[in-house]
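One structure below.
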Amino acid sequence: MSLALLLAELEALGEQNDAIQSDRAKKLLNITRDTGEFLSVMVKATRAENVLEIGTSNGYSTLWLASSLPAAGKVVTVEKQTDKITMATENFVRAGLQDRIEQVQADAGEFIQSTDLSFDFIFLDADRSAYMDYIDLLLSKLSAGGVLVCDNAISHRHELEAFTDYLSRQEELTTCLLPVGKGEFVVYKA
């Protein structure tokens, strides 16, 4: 199956699932297609090779990231829920991109604290209430010249206000809010 067909299938599945699911933990909460396209452009434009994704879900966004990497590139994607990891694994294999993706089952904050890796690009799309708990540690894992993108920055602006305000005040960071998808808060680290 081509990547384009798989992405279209996962888009439809995500929309159908989330429309009927009342339990938030069982929703897929996939990014929008234009957000995927934006992430693809950003990964390519920044020539990122080491990508961190916080919040895998069924792997839809991971596929956008992984397919945009050079052959030696790698996405480390962190997810807590076993059922979502299983779905994502199947989708990575179907896309033929499993060699570019390392799945980690963990709490995001615990993973960030324990890893010695640094990343050229970070995509943040998980439990927004926890972002402030690990933002400084997360920034320490972002390489100089690296980019962090945070999803839902317009749709959930009130939940992210302290987070985006904090990042906007850091001297070594350049930030902007883009009206792509549900809103992308973009951070460049000098």
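The values are calculated or read from the model by the stated rules, or taken from the named source; none is laboratory data. Please read all numbers here as calculations on a predicted model, not as lab measurements. Reconstructed Cβ throughout: ideal geometry from the backbone, glycine too, with neighbour counts over all protein chains shown.
Would you pick out the residues in region 19-36 that are charged (D, E, K, R) and surrounded by 15 or more Cβ atoms within 10 Å (Cβ to Cβ)?
The first filter runs over region 19-36 and keeps only residues charged (D, E, K, R), leaving 23-24, 26-27, 33-34.
Lys27 - this is the single residue of region 19-36 that is charged (D, E, K, R) and surrounded by 15 or more Cβ atoms within 10 Å (Cβ to Cβ).
Looking only at region 141-156, count how many residues are within 25 Å of Lys44 (Cβ to Cβ), over 14 Å from the mean Cα position of the chain (by Cα) and small (Gly, Ala, Ser).
The total comes to 4.
Among the residues of region 107-163, which ones are in contact with an Asp or Glu (Cβ under 8 Å, 6 or more places away or on another chain) and without any contact (Cβ under 8 Å) to a residue 40 or more places away in the chain?
Passing the criteria: Gly109, Arg128, Ser129, Cys150, Asn152, Ala153.
From Glu9, Glu90, Glu37, which residue is modelled with pLDDT of 95 or more, over 25 Å from Ala153 (Cα atoms) and part of a helix (DSSP H, G or I)?
Glu90
Every residue, every condition in (1) hydroxyl-bearing (Ser, Thr, Tyr); (2) under 14 Å from the mean Cα position of the chain (by Cα), yes or no:
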| residue | (1), (2) |
| --- | --- |
| Phe111 | no, no |
| Thr115 | yes, no |
| Asp127 | no, yes |
| Ile135 | no, no |
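Would you point out which residue out of Ser40, Ser61 is surrounded by fewer than 19 Cβ atoms within 10 Å (Cβ to Cβ) and closer than 15 Å to Cys150 by Cα?
After ruling out the rest, the residue left standing is Ser40.
Of the numbered conditions (1) without any contact (Cβ under 8 Å) to a residue 40 or more places away in the chain; (2) assigned to a helix (DSSP H, G or I), Pro70 satisfies every one except a single condition; which is it?
(2)
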